[in-house]
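Novice: Okay, handing you the structure first.
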Amino acid sequence: MNADPGKPTVTTWFLEQTAPDDLREARPPEPSADVSVVRAQVPSADFSRFLYSSVGADVEWTDRLAWTYARWREWLERPGVETWVAYERGTPAGYIELDGATPDTSGRAIRPGRSVEISYFGLLPAFRGRRIGGHLLGFGTARAWDLARRWPDRQPTNRVWLHTCSKDGPHALRNYQRRGFRIFAKEVAQEPAPAPVEQDADPAAPAVPGPGRPEPSQGSRPAEM
Ligand SMILES: CC(C)(COP(=O)(O)OP(=O)(O)OC[C@H]1O[C@@H](n2cnc3c(N)ncnc32)[C@H](O)[C@@H]1OP(=O)(O)O)[C@@H](O)C(=O)NCCC(=O)NCCS
């Protein structure tokens, strides 16, 4: 790609844990917040789209805004995909999505089929800064490590990985590192072009309008650190 000095660049960091003992739990939120984390076991395109668009609104998550209902369902219904939701006194505060279904695209799949990607994670803006995010990340990472207990056809997890970029929240990278994730690769790239809006084959299903951008790393192997 030729560099265009007029276009902003985005830095993407790739992080991993390679053993359950790597995980370092966060201090829990205040008991008065009454935070619970529950798995949304019924795949719901509406609920997942609500979480994605609400958490990502101010950090420019746009690639899935273009997804149709059919695409959401197809994604969520795959064995090994889980959505864990944090609630503060019964109100959705944030979520972590685990993807144990997609082949590892990071170039580090030591034994294929055993790595789990934290595909999305974050809090709605009103819930940030009160130790819910650290707690949810620790909880969700532990669920990535024990994913095979809930999916009997799966081999035990041997690696949990994710990527985060300079457009995510200012404390995102530090939170991952404090929970025991290590950077294994870094990529600096110019902003990709917006993804095209998809249309459902079913004309009764509402199209999801809005611009999109492709995942910063999907399908590409990052440079090793
Ligand atoms: C990143 C995010 C999940 C953090 O959640 P949070 O509830 O605000 O953070 P917490 O209060 O639980 O703190 C968690 C960690 O973040 C870091 N952090 C949070 N606030 C911080 C601050 N003011 N200064 C420095 N570090 C801070 C710390 O490392 C902290 O862990 P530690 O106390 O063990 O060191 C949240 O801000 C968020 O959802 N942001 C938008 C979406 C996003 O960036 N998602 C993640 C990237 S994909």
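Novice: Name the single residue, out of those in the range 173-189 being more than 10 Å from the ligand (Cβ to nearest atom) and part of a loop (DSSP other than H, G, I, E, B), that is farthest from R24 (Cα to Cα).
Specialist: First pass over the range 173-189, keeping only residues more than 10 Å from the ligand (Cβ to nearest atom): 180-189.
From what is left, the residues that are part of a loop (DSSP other than H, G, I, E, B) are 180-181.
Numbers: G180: 5, F181: 9 Å.
For the range 173-189, the residue satisfying everything is F181.
Novice: Also, I was wondering about something else. Tell me yes or no: at least one residue of the range 135-154 is modelled with pLDDT under 95, in contact with a helix residue (DSSP H, G or I) (Cβ under 6 Å, 6 or more places away or on another chain) and at negative phi.
Specialist: Filtering the range 135-154 for residues modelled with pLDDT under 95 gives 152-154.
Checking the rest, the ones that are also in contact with a helix residue (DSSP H, G or I) (Cβ under 6 Å, 6 or more places away or on another chain) come to 154.
Right, trim to at negative phi and you get 154.
Scanning the range 135-154 turns up at least one residue that is modelled with pLDDT under 95, in contact with a helix residue (DSSP H, G or I) (Cβ under 6 Å, 6 or more places away or on another chain) and at negative phi.
Novice: Restricting attention to the range 84-126, and to residues there that are of a type in the set (V, I, T), over 20 Å from R73 (Cβ atoms) and surrounded by fewer than 19 Cβ atoms within 10 Å (Cβ to Cβ), which single residue is farthest from the ligand (Cβ to nearest atom)?
Specialist: So, considering only residues that are of a type in the set (V, I, T), over 20 Å from R73 (Cβ atoms) and surrounded by fewer than 19 Cβ atoms within 10 Å (Cβ to Cβ), the one farthest from the ligand (Cβ to nearest atom) is I110.
Novice: Here is a further query. Do you know which of the residues in the range 141-167 that are farther than 16 Å from A101 by Cβ and of a type in the set (G, A, S) is nearest to the ligand (Cβ to nearest atom)?
Specialist: Filtering the range 141-167 for residues that are farther than 16 Å from A101 by Cβ and of a type in the set (G, A, S), the one nearest to the ligand (Cβ to nearest atom) comes out as S166.
Novice: Something else now. Considering the range 127-140 alone, what residues qualify as being buried (at least 22 other Cβ atoms within 10 Å of the Cβ), over 15 Å from the mean Cα position of the chain (by Cα) and near the ligand (Cβ under 6 Å from one of its atoms)?
Specialist: Within the range 127-140, I132 is the sole residue that qualifies.
Novice: Next up: Limited to the range 159-172, what total is found for residues that are in a loop (DSSP other than H, G, I, E, B) and at pLDDT 95 or above? Steps first, please.
Specialist: Residues of the range 159-172 that are in a loop (DSSP other than H, G, I, E, B), as a first pass: 166-171.
Next, only the ones that are at pLDDT 95 or above stay: none.
Total meeting the criteria: 0.
Residues checked against (1) in contact (Cβ under 8 Å) with a residue 40 or more places away in the chain; (2) touching a Pro at 6+ places or on another chain (Cβ under 8 Å):
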{"site": "V10", "(1), (2)": "yes, yes"}
{"site": "T18", "(1), (2)": "yes, no"}
{"site": "D21", "(1), (2)": "no, no"}
{"site": "V35", "(1), (2)": "yes, yes"}
{"site": "A40", "(1), (2)": "yes, no"}
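Novice: Go over the candidates P170, P192 one by one and state the one that is near the ligand (Cβ under 8 Å from one of its atoms) and closer than 20 Å to T9 by Cα. Quick ask: steps written out before the conclusion?
Specialist: Working: P192 fails: near the ligand (Cβ under 8 Å from one of its atoms).
Only one candidate qualifies: P170.
Novice: T91 passes all but one of (1) hydroxyl-bearing (S, T, Y); (2) touching a residue at least 12 places away in the same chain (Cβ under 8 Å); (3) out of contact with any Lys or Arg (no Cβ under 6 Å at 6 or more places or on another chain); which number fails?
Specialist: The number of the failed condition is (2).
Novice: Right, G80: in contact with a Phe, Trp or Tyr (Cβ under 8 Å, 6 or more places away or on another chain), at pLDDT 95 or above, of a type outside the set (V, I, T) and within 16 Å of the ligand (Cβ to nearest atom) or not?
Specialist: Values: in contact with a Phe, Trp or Tyr (Cβ under 8 Å, 6 or more places away or on another chain): yes; at pLDDT 95 or above: yes; of a type outside the set (V, I, T): yes; within 16 Å of the ligand (Cβ to nearest atom): no.
When the stated conditions are applied, G80 does not pass them.
Novice: All but one of (1) part of a strand (DSSP E or B); (2) away from the ligand (no atom under 16 Å from the Cβ) hold for R71; state the number of the condition that does not hold.
Specialist: Unmet for R71, out of (1) part of a strand (DSSP E or B); (2) away from the ligand (no atom under 16 Å from the Cβ): (1).
Novice: Mind telling me which of the residues V35, V55, V42 ends up being away from the ligand (no atom under 13 Å from the Cβ) and β-branched (V, I, T)? Reasoning before the result, please.
Specialist: On the way: V35 fails: away from the ligand (no atom under 13 Å from the Cβ); V55 fails: away from the ligand (no atom under 13 Å from the Cβ).
Residue meeting the stated conditions: V42.
Novice: Still on this structure, I have one more. From the set of residues in the range 30-50 that are in contact with a Leu (Cβ under 9 Å, 6 or more places away or on another chain) and under 18 Å from T141 (Cβ atoms), which is surrounded by the most Cβ atoms within 10 Å (Cβ to Cβ)?
Specialist: V35
Novice: Determine whether Y52 is under 17 Å from F121 (Cα atoms), part of a helix (DSSP H, G or I) and touching a residue at least 40 places away in the same chain (Cβ under 8 Å).
Specialist: yes
The values are calculated or read from the model by the stated rules, or taken from the named source; none is laboratory data. Please read all numbers here as calculations on a predicted model, not as lab measurements. Glycine also receives a Cβ, built like all others from the backbone with ideal geometry; neighbour counts cover every protein chain displayed.
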